1. Condition first: in contact with a helix residue (DSSP H, G or I) (Cβ under 9 Å, 6 or more places away or on another chain) and at pLDDT 95 or above. Can you find one or more residues in the range B:63-72 that meet it?
2. Pick out, from the range B:1-98, the strands (runs of 3 or more DSSP E) lying fully within it that include 2 or more residues that are free of Cβ contacts under 8 Å to residues at least 40 places away in the same chain, open to solvent by less than 30 Å² (accessible area, probe 1.4 Å) and within 12 Å of another protein chain (Cβ to nearest Cβ).
3. Restricted to the range A:13-31, and to residues that are in a strand (DSSP E or B) and of a type in the set (A, V, I, L, M), which residue is most open to solvent (accessible area, probe 1.4 Å)?
4. Which of the residues that make up the range A:41-60 are open to solvent by 70 Å² or more (accessible area, probe 1.4 Å) and not in a strand (DSSP E or B)?
5. Filter the range A:61-72 for residues that are within 14 Å of chain B (Cβ to nearest Cβ) and in a strand (DSSP E or B); which is farthest from the chain's Cα centre (by Cα)?
6. Take A:THR10 and decide whether it is crowded, with 21+ Cβ neighbours inside 10 Å, of a type in the set (Val, Ile, Thr), more than 10 Å from chain B (Cβ to nearest Cβ) and on the phi < 0 side of the Ramachandran plot.
7. If we keep just the residues of the range A:83-113 that are more than 10 Å from chain B (Cβ to nearest Cβ) and part of a loop (DSSP other than H, G, I, E, B), which is surrounded by the most Cβ atoms within 10 Å (Cβ to Cβ)?
8. Would you call A:THR78 at pLDDT 95 or above and farther than 28 Å from B:TYR47 by Cβ?
Amino acid sequence: GENVEQHPSTLSVQEGDSAVIKCTYSDSASNYFPWYKQELGKRPQLIIDIRSNVGEKKDQRIAVTLNKTAKHFSLHITETQPEDSAVYFCAASMPNSGYALNFGKGTSLLVTP
Amino acid sequence: NAGVTQTPKFQVLKTGQSMTLQCAQDMNHNSMYWYRQDPGMGLRLIYYSASEGTTDKGEVPNGYNVSRLNKREFSLRLESAAPSQTSVYFCASSEWGGDTEAFFGQGTRLTVV
């Protein structure tokens, strides 16, 4: 089946540093790429998304970039804070599966004070 | 608005028992999905319903059945539970799939002994 690869699986940064998480996808028909944050024991919640007609999107400390030619997209968090500690998932839409989301395996981000 | 509501939140089953996980959304969304989440595996699609009256298999459908009861409700049934089905189950909905945000329920933590 189609794959979404996510790296790294764990990431530890000092408060105030930047964090970058990268994903690649294989379905060339994918056109929607959201990022979800999941805190321990909670549901995944959308933090930012990007569509295939856009190369970059920013929302305060969070930005996402998309390279459709290379089939990869990245999440950038600047000025990290301890409350950014969570598991982050990238996803790509699957047009042949009702546009359900195909998720990466997640990145556990730890921000230490 | 409650968003996406799942019941129950926790369940313990014995091998071979059956149960139905309930999911309802009050956002008038067309598309609904069932995912399972296992440690280190991300979220994997079990079944989806692109619109009322349709259901289709996802990545890991074996051992499960679904019913799209109406536009609001999408249930997941385990006919004969197995220990391999121990997982956290999330229901999600989106307006129509494509490039619209998927909203998740709070999850059901299922243990099969």
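The values are calculated or read from the model by the stated rules, or taken from the named source; none is laboratory data. For clarity, every value in this text was computed on a predicted model and none was experimentally measured. Every residue, glycine among them, receives a Cβ derived from its backbone with ideal geometry; neighbour counts consider all protein chains shown. Each accessible area value is taken on the protein alone, full model and side chains, heavy atoms only, with ligands, DNA and RNA left out. Shrake-Rupley method; radii C 1.70, N 1.55, O 1.52, S 1.80 Å.
1. We begin by selecting, within the range B:63-72, every residue in contact with a helix residue (DSSP H, G or I) (Cβ under 9 Å, 6 or more places away or on another chain); these are B:63-64.
Cutting the leftovers down to at pLDDT 95 or above gives us B:63-64.
Yes - at least one qualifying residue is present in the range B:63-72.
2. Ranges flagged: B:42-49.
3. In the first step, residues of the range A:13-31 are kept if they are in a strand (DSSP E or B); the result is A:13-14, A:19-25.
Imposing the further condition that a residue be of a type in the set (A, V, I, L, M) reduces the set to A:13, A:19-21.
On the way: A:VAL13: 18, A:ALA19: 4, A:VAL20: 59, A:ILE21: 2 Å².
Ranking the candidates gives A:VAL20 first.
4. A:LYS42, A:ARG43, A:ASN53, A:GLN60
5. A:LEU66
6. Numbers: crowded, with 21+ Cβ neighbours inside 10 Å: no; of a type in the set (Val, Ile, Thr): yes; more than 10 Å from chain B (Cβ to nearest Cβ): yes; on the phi < 0 side of the Ramachandran plot: yes.
Criteria not met by A:THR10.
7. Selected residue: A:SER85.
8. Yes; evaluated as a whole, the condition is true for this residue.
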